[in-house]
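The values are calculated or read from the model by the stated rules, or taken from the named source; none is laboratory data. Everything numeric in this text was worked out from a predicted model, so none of it was measured. Neighbour counts run over all protein chains shown; Cβ positions are idealised from the backbone, glycine included. Please note that ligands, DNA and RNA were not included when accessible areas were found on the heavy atoms of the full protein model with its side chains. Shrake-Rupley method; radii C 1.70, N 1.55, O 1.52, S 1.80 Å.
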Amino acid sequence: MPLPAKAFQRWLSGVAPDTSTADVCRLSGVKRTTLAQQMVRGKVAETTVVSISRAYNINPVAALATFETYKDLASSAIPPTDKELVSQIATVDLLRAVIVRMAPKGSGGPVGPAELGPPPHATSVKNWVDAIDDGELRHRVSAATGVAPQNYSAQLTANRLAPELALATSRAAGVGLAGGLVATGLVTEAEAGWPPGARQAALDRLSDGDLTALAGERLQALGKTLRRQEQDQEQTERIWENLV
């Protein structure tokens, strides 16, 4: 849910007093036209607050917590679960970890863990929701927010989730409130308070069997996505052939 323009103005006056809008935009990388349009509509995007916060060396999560919609972020001290942490590891990194573990000693294969790519990744949002879902999570989020389950699922399929929905999902699952903001890419791991190396540590704690099974599940899901994309492409090509 975009933030009220008046609340944003109060926040900005405290962050950058006596600073022109042009200077704020120049420092933060936010386009002046974009900010002007948001102010006219009376709704400022969360991404705008995050960009300005970073420009002024303010933690974006703390900045968002000053707004009514996100005030609960200030009191959320629950650390991410191992499942959440692993969900933010890209499939290619999981496969690389499998190869490292399974390579025979002295085979000349990769040795030691490679640096993990940062979140978000291609399926980070859906993976995160799946990691914290007890089977009824989607229904609880729908009941709490009024968002239809099919619309919620559509966002997950597109690997996106509105910030307020990410927060509602965390709240409904009883996990740390900033986890969904990491999965969507709104904030970084460090900004959310995740310990350095937490994802790698969670990966290292997986048994060989669990790691391999998880990598297999990810590959299966990727295969379905690629097949669906190929079918859509074939259908598009047939339509064009009929039009020509």
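Structure summary
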| quantity | calculated |
| --- | --- |
| Count - residues of region 143-169 that are in contact (Cβ under 8 Å) with a residue 60 or more places away in the chain and either among the aliphatic types (A, V, I, L, M) or crowded, with 22+ Cβ neighbours inside 10 Å (or both) | 3 |
| Every residue from region 187-211 that is under 21 Å from Trp128 (Cβ atoms) and assigned to a helix (DSSP H, G or I) | Ala198, Arg199, Gln200, Ala201, Ala202, Leu203, Asp204, Arg205, Asp210, Leu211 |
| Among (1) surrounded by 14 or more Cβ atoms within 10 Å (Cβ to Cβ); (2) under 17 Å from the mean Cα position of the chain (by Cα); (3) of a type outside the set (S, T, N, Q); (4) in a helix (DSSP H, G or I) - the single one Ala221 does not satisfy | (2) |
| Checklist (1) within 17 Å of Pro79 (Cβ to Cβ); (2) crowded, with 19+ Cβ neighbours inside 10 Å applied to Asp204, failing item | (2) |
| Per-region count, region 189-244, residues basic (Lys, Arg) and more than 30 Å from Val61 (Cβ to Cβ) | 4 |
| Pick from region 46-90, criterion of a type in the set (Ser, Thr, Tyr) and open to solvent by less than 10 Å² (accessible area, probe 1.4 Å), ranking: farthest from Ala198 (Cα to Cα) | Thr48 |
| Of all residues in region 122-142 being at pLDDT 95 or above and of a type in the set (A, V, I, L, M, F, W, C), the one that is surrounded by the fewest Cβ atoms within 10 Å (Cβ to Cβ) | Leu137 |
| Filter result for Arg205 (closer than 20 Å to Pro80 by Cβ, in contact with an Asp or Glu (Cβ under 7 Å, 6 or more places away or on another chain) and of a type in the set (Lys, Arg)) | yes |
| Residues (open to solvent by 20 Å² or more (accessible area, probe 1.4 Å) and assigned to a loop (DSSP other than H, G, I, E, B)) located in region 1-29 | Met1, Pro2, Pro17, Asp18, Thr19, Ser20, Gly29 |
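Condition check ((1) of a type in the set (A, V, I, L, M); (2) within 30 Å of Gly209 (Cβ to Cβ); (3) touching a Cys at 6+ places or on another chain (Cβ under 6 Å)) across all residues:
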residue	(1), (2), (3)
Leu12	yes, no, no
Gln37	no, no, no
Ile58	yes, no, no
Ala62	yes, no, no
Phe67	no, no, no
Asp72	no, no, no
Thr81	no, yes, no
Ile99	yes, yes, no
